[in-house]
1. Working only within region 42-58, note down all residues that are hydrophobic (A, V, I, L, M, F, W, C) and at pLDDT below 95.
2. Within region 188-198, which residues are open to solvent by 10 Å² or more (accessible area, probe 1.4 Å) and either in contact with a strand residue (DSSP E or B) (Cβ under 9 Å, 6 or more places away or on another chain) or modelled with pLDDT under 95 (or both)?
3. Restrict the check to region 241-249 and report whether at least one residue is open to solvent by 30 Å² or more (accessible area, probe 1.4 Å), assigned to a helix (DSSP H, G or I) and free of Cβ contacts under 8 Å to residues at least 12 places away in the same chain.
4. Could you list all residues from region 157-178 that are buried (at least 18 other Cβ atoms within 10 Å of the Cβ) and outside any loop (DSSP other than H, G, I, E, B)?
5. Could you check Ala96 against (1) modelled with pLDDT of 90 or more; (2) over 30 Å from Ser187 (Cβ atoms) and say which number it fails?
6. Output the residue which, of all residues in region 99-111 that are charged (D, E, K, R) and under 18 Å from Leu19 (Cα atoms), is most open to solvent (accessible area, probe 1.4 Å).
7. I'm checking my understanding of the structure. Among residues of region 280-310 that are open to solvent by 90 Å² or more (accessible area, probe 1.4 Å) and of a type in the set (A, V, I, L, M, F, W, C), which one is modelled with the highest pLDDT?
8. Which one of these is open to solvent by 30 Å² or more (accessible area, probe 1.4 Å), part of a helix (DSSP H, G or I) and under 30 Å from Arg137 (Cα atoms): Ala277, Ala255?
Amino acid sequence: FLCVASAGQTRFANNPTRLVCDHGEGAFHGALPADVPGHDVEISVGPARQHNGFATRTCQATLLWGQNHLVVTPDAVQADIDVMGADLGLGTPVVALQVKASDDDPAVQYKIYSLTDTPHLLRTITGHDYFSAADTRLDGQVEIWTTDAAAVQGFDNLPRKAFDSLPTIILRFEDGKLIDVSSEFRSYYDRQIERLRSRLNPEELSAFQKSDGRLSDKALPSGGRPQGLLSTKIKALEIIWAYLYSGREQKAWQALSEMWPEADQDRVKSSILAAQARGLRSQVDSVSQHSSQDLSKQIAIYSDVRPENV
């Protein structure tokens with residue numbers, strides 16, 4: 001089993017096709033090599049079992065050492081290992097597990113446990129999307145990539161599935177503190193903005209600017225993709241979010257003033273700020289103000305590594 005956080009590029013799977021355990025399917029049981037710290041702790045993820053020994057359609061995750069054990073989750077619908085044996089910036093080797101409690105609850109818990117001394121929970125981050133840790137810049141610092149899906153779910157009555165580019169947020173532990181370091185990766189957001197702008201139709205953008213902004217008379221096609229002015233509105237929102245989440249608030253409001261109906265700008269600006277405040281920003285200890293470094297020359301080493309791929 002690959003026991004370190006793999007160096008990664010800046011694309012991550014926010015809807016993974018493979019999980020260690022998904023609705024009782026799949027399992028992993030193992031430990032780190034004997035010559036590294038934390039090797040005494042075994043990690044077990046697999047189907048939860050009833051008292052009669054039969055497996056259920058849920059997943060259990062447990063840490064075991066000596067005669068002791070610590071249950072991470074007894075019966076989640078999904079349980080996955082994102083990191084095993086790496087130091088995420090907390091000063092100790094850890095295992096980071098992703099747990100989704102039920103199909104009815106979209107929340108995903110990213111639970112980080114120490115692997116030395118007596119294993120214990122160090123931090124839990126809760127989002128509505130999957131997490132992916134990677135040494136993005138190959139500099140020994142590990143970032144945790146996810147999206148702020150909970151913050152924008154239902155924004156202006158739009159479901160999450162309406163958006164192609166949910167606002168990316170990039171986290172890192174520094175001196176034990178959880179920091180939003182998204183501003184250090186602006187080139188990632190710039191590529192996203194360039195792609196979104198290239199898909200804007202000038203005529204439809206002009207028509208959207210003449211609307212009320214809410215588009216209350218428009219609805220998503222049943223099971224289909226947003227069309228017309230609704231699609232234009234969503235792309236505009238995604239561009240604004242990309243500027244805002246990468247630490248460029250002034251450019252975000254400039255983009256808002258360029259694309260959004262003037263009479264609705266104050267309302268939507270307040271709504272955007274309120275959504276960001278109730279999202280993952282509410283869980284961080286501070287926000288980095290450092291500007292970006294160019295990621296364009298980074299080697300693309302994917303963070304989605306499983307034993308069968310090694």
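1. Residues of region 42-58 hydrophobic (A, V, I, L, M, F, W, C): 43, 45, 48, 54-55.
Across region 42-58, the qualifying residues are Ala48, Phe54, Ala55.
2. Selection gives Tyr188, Gln192.
3. yes
4. Ala162, Thr168, Ile169, Ile170, Leu171, Arg172, Phe173, Leu178
5. That leaves (2) as the condition not met.
6. Our first condition is that a residue be charged (D, E, K, R); within region 99-111, this holds for 100, 103-105, 111.
Filter once more, so that each one left must be under 18 Å from Leu19 (Cα atoms): 100, 103, 105, 111.
Values: Lys100: 40, Asp103: 94, Asp105: 66, Lys111: 23 Å².
Per the criteria, the residue is Asp103.
7. If we take residues in region 280-310 being open to solvent by 90 Å² or more (accessible area, probe 1.4 Å) and of a type in the set (A, V, I, L, M, F, W, C), then Ile299 is modelled with the highest pLDDT.
8. Working: Ala255 fails: open to solvent by 30 Å² or more (accessible area, probe 1.4 Å).
Being open to solvent by 30 Å² or more (accessible area, probe 1.4 Å), part of a helix (DSSP H, G or I) and under 30 Å from Arg137 (Cα atoms) holds for just one of Ala277, Ala255, which is Ala277.
The values are calculated or read from the model by the stated rules, or taken from the named source; none is laboratory data. In this text, all values refer to a predicted model and were calculated from it rather than measured experimentally. Methodologically, a virtual Cβ is constructed for each residue, glycine included, from the backbone with ideal geometry; neighbour enumeration extends over all protein chains shown. Just so you know, the surface numbers come from the protein's heavy atoms only, side chains and all, with ligands and any DNA or RNA stripped out. Shrake-Rupley method; radii C 1.70, N 1.55, O 1.52, S 1.80 Å.
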